[in-house]
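Student: After the structure tokens below, expect a handful of questions from me.
Since every read-out is calculated from the coordinates, none of them should be taken as a lab result. Just so it is clear, the structure is predicted and the values come from calculations on it, not from any experiment. Glycine also receives a Cβ, built like all others from the backbone with ideal geometry; neighbour counts cover every protein chain displayed.
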Amino acid sequence: MADTFQNQLVALLPAMKAFAVMLTRNRQSADDLVNDTALRALRKEDLYAMGTNLKAWLFTIMRNIHINNIRAGQRSRLVEIDDDLLPNLASVAPNQEHSLVLKELFRGIDGLNPDQREVLLLVVGQDLSYEEAAQICGCPIGTVRSRLARARRELERMLSGEIAMPVPDDGAARTVRRGQRRFANDHQEALRAAS
């Protein structure tokens with residue numbers, strides 16, 4: 001079988017899906033992102049120079065579509081990872097403790113600066129070189145290395161408990177924050193009344 005653009009694209013679909021899941025944290029949004037990327041790549045096939053890194057080219061397209069979707073409000077803010085994805089991320093079926101560790105890891109990744117998160121997902125999650133990540137992000141290699149080092153350091157600090165883990169922005173978290181504010185207000189009122 002000839003090594004055509006379409007064949008190479010089909011061979012890279014699993015890697016595209018994995019990157020899309022890391023970007024969106026949602027299976028349905030990831031499928032939509034992969035489809036949008038494949039369609040755009042097929043329409044723009046004439047812009048691709050055969051023999052160059054197709055994976056980096058596709059990831060650049062995917063990243064740009066994802067950013068445009070976020071900016072346009074077509075996708076909601078990054079959400080918690082689908083619970084049904086967790087078993088697929090480990091080589092063995094995780095027990096409850098592994099599942100909690102993975103959720104904590106993803107929560108920490110979500111709490112990173114977006115530029116740091118993106119570089120971490122490209123270099124660590126997709127095993128791309130610094131050069132490929134720099135090409136996808138449109139920045140110098142030194143910036144990629146710096147962002148990756150900061151992301152790793154920040155994640156390590158979160159997972160070790162040195163700094164607080166980000167609170168997921170869901171209904172439960174809003175309820176907790178509301179309760180904390182109410183408690184603080186009641187406490188301040190009690191202090192004022194006592195003085």
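Student: Quick check: pseudo-label points 7 Å beyond the Cα along Cα→Cβ at Ala49 and Arg152, how many nm apart are they?
Tutor: If labels sit at Ala49 and Arg152, their model points lie 3.1 nm apart.
Student: If you don't mind, another one. For the residue pair Ala164 and Glu131, what label-to-label distance in nm results when each label sits 7 Å from Cα along the Cα-to-beta-carbon direction?
Tutor: Going from the Ala164 label point to the Glu131 one covers 4.4 nm.
Student: Students often check this: by mean Cβ neighbours within 10 Å, which of 15-24, 142-151 ranks highest, and how do the rest follow?
Tutor: 15-24, 142-151
Student: Using square roots of five times the C-alpha gyration tensor eigenvalues, list the equivalent-ellipsoid semi-axes of segment 1-79 in whole Å, biggest first. The partial results should precede the final answer.
Tutor: Values: eigenvalues 112, 33, 17 Å².
Values for segment 1-79, descending: 24, 13, 9 Å.
Student: Still on this model: In whole Hz, with x marking every Gly and Pro, tabulate ³J(HN,Hα) for segment 4-12 from phi via Karplus 6.51 cos²θ - 1.76 cosθ + 1.60, θ = phi - 60°.
Tutor: 3J(HN,Hα) across segment 4-12, in whole Hz: 7, 4, 4, 5, 5, 4, 4, 5, 8.
Student: Pairs of alpha-carbon atoms within less than 8 angstrom and 6+ residues apart define the contacts here; what relative contact order does segment 1-79 have, in percent?
Tutor: Values: 53 pairs, mean separation 26.9, N = 79.
Relative contact order here is 34 percent.
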